Amino acid sequence: MKKDTKNQSIGALPADLKVRNRMLVLHAMRNGAACTAADIAGKTGISRITVMKSISWFMEKGYIQTEGKGQSSENGGKKPELYRFSCSRILLAVTMWPGILAIHLCGLNLEIIASCREEVSRDILPAEVFALLREKVYDLLKEWGYALEDLYGVSVSMAGTVDYKAGNLKYSSMTPDWGKDIPVQKYLQEIFGTDVLIIIENAGKMTGRALLLGEDALNKRILVLFSTWGLSACLIDKGHVLNGKDSLIGEIGHMIIDPHDRELCGCGSFGCAERMLSVKRLRQKVKEEKAEFPESPLSKLAEEEISQEVIFRLSGKGDVFAGRLVEYLAETFAVVLRNISLLFDPDVVVFQGDYSCGDQYFIDRLREHLDRFNYYPEGGAFELEFDDRPLEELDLIGSLNFLQHKFFGDEKLYQ
């Protein structure tokens, strides 16, 4: 899914004009690309003279360096000086999901320096997974010639709800054996020390943060649906991610759709959307109904070969059995989205993960079910988008954007 990344939010600008201008100038150079003072003036709307004052100030601080001469204009003349944001501090983005531990070492310009990825047992306990993280991070830093002192910040994306104030993982239905209030920040401080910025975030919110790079996120209310081993959401209100005092905003997978359903969810309830929209439920429905459709390719697949992608693909080819399952998915999602609309009323709904490959039949049926709600305006209540980038890629983008935003949003950098 393509997004405009020209104008990223840097939060509320400070009242002090000098600090404000410095912030705009450095933020315009955050990607590390070489540029001229005229380029920055064009991006920021600040005069070239003011831009040069900010550049000189940052050069003294060691955050901007010269890169030689650029190209002359069409009319010839003196070649302009090129400048580049430069900082030796580094970022660490960690994806700690069920069965996955991925680590990315990056520069503040978001350029990836090195990565490693481990498949881990879903039964692994917190102390074990953080011991593995320590081992892998220390090896990575040593291999690439960095020390812990070089780290500016570390982000960790996890399944479950987060106590942002205490730095705990409050609970995850994906790892119920971990119990409640796992001291994630304490584990991380034991690895990285107390001087490193530490960010702990829910996986669905972290992948949703990848959309904050787009201009739409600054002007609209966006509901991002995260679907893989679980179902959750990121609710973005004009550039701000909503959480709530108990971090429950976005835990839509635990919205009860059918209280008479008999599959127990890890949250302790029956009839949760997460269970009713899981690949396990789809495989169960294929098993129970395939006798009615003996000629369907779906009926001939082994259970582990059945996925949302396969169902959508076959539905798109006109397979009746797959179409019936897509109808079930559309009807169930319509209930979820209708209920969310009563509380959040999004302008845009974005599907990420397993349901990002929804076919046209799914879209049409979803629209049809939603249109039965008379409170929606004619033409539909919200736009539908499908972001089919890999979830781990989205998680990395969201993580790095979060860390970089913290760095460039710190007013101390400009004073």
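The values are calculated or read from the model by the stated rules, or taken from the named source; none is laboratory data. What you see is a predicted model; the values in this text were computed from it and never measured. Note that each Cβ is placed from the backbone with ideal geometry, even for glycine, and that neighbours are counted across all protein chains shown.
Does ALA114 satisfy being of a type in the set (Gly, Ala, Ser), at pLDDT 95 or above, more than 20 Å from MET174 (Cα to Cα) and crowded, with 20+ Cβ neighbours inside 10 Å? No.
Exactly one residue out of PHE130, PHE226 is more than 16 Å from the chain's Cα centre (by Cα) and among the aromatic types (Phe, Trp, Tyr): that is PHE130.
Restricting attention to segment 349-398, the residues being aromatic (Phe, Trp, Tyr), assigned to a loop (DSSP other than H, G, I, E, B) and surrounded by 13 or more Cβ atoms within 10 Å (Cβ to Cβ) number 4. The residue that is nearest to the chain's Cα centre (by Cα), among those in segment 74-111 that are crowded, with 19+ Cβ neighbours inside 10 Å and of a type in the set (Ser, Thr, Tyr), is THR95.
Could you list, in sequence order, all residues of segment 199-247 that are in a loop (DSSP other than H, G, I, E, B) and in contact with a helix residue (DSSP H, G or I) (Cβ under 7 Å, 6 or more places away or on another chain)? Hits for segment 199-247 are THR228, GLY230, LYS238, GLY239. Taking the numbered list (1) more than 26 Å from GLU392 (Cβ to Cβ); (2) of a type in the set (Val, Ile, Thr); (3) buried (at least 18 other Cβ atoms within 10 Å of the Cβ) in turn, VAL336 passes all entries but (1). Mind checking which residues of segment 173-209 are of a type in the set (S, T, N, Q) and touching a residue at least 60 places away in the same chain (Cβ under 8 Å)? Passing the criteria: SER173, THR175, THR207.
Rundown of residues vs (1) small (Gly, Ala, Ser); (2) not in a helix (DSSP H, G or I); (3) not assigned by TED's automatic domain parsing to the domain that holds ALA233, yes/no style:
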site: HIS260; (1), (2), (3): no, yes, no
site: GLY266; (1), (2), (3): yes, yes, no
site: VAL286; (1), (2), (3): no, no, no
site: LEU298; (1), (2), (3): no, no, no
site: ILE311; (1), (2), (3): no, no, no
site: LEU314; (1), (2), (3): no, no, no
site: GLY318; (1), (2), (3): yes, yes, no
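Considering only residues in segment 275-325 that are farther than 21 Å from ASP364 by Cβ and of a type in the set (S, T, N, Q), the one that is surrounded by the most Cβ atoms within 10 Å (Cβ to Cβ) turns out to be SER278.
Within segment 248-258, restricting attention to residues that are part of a loop (DSSP other than H, G, I, E, B) and free of Cβ contacts under 8 Å to residues at least 60 places away in the same chain, which residue is surrounded by the fewest Cβ atoms within 10 Å (Cβ to Cβ)? Checking each candidate, the answer is ASP258.
Consider segment 136-172 and keep the residues that are in contact (Cβ under 8 Å) with a residue 60 or more places away in the chain and of a type in the set (Phe, Trp, Tyr). The one that is surrounded by the fewest Cβ atoms within 10 Å (Cβ to Cβ) is TYR164.
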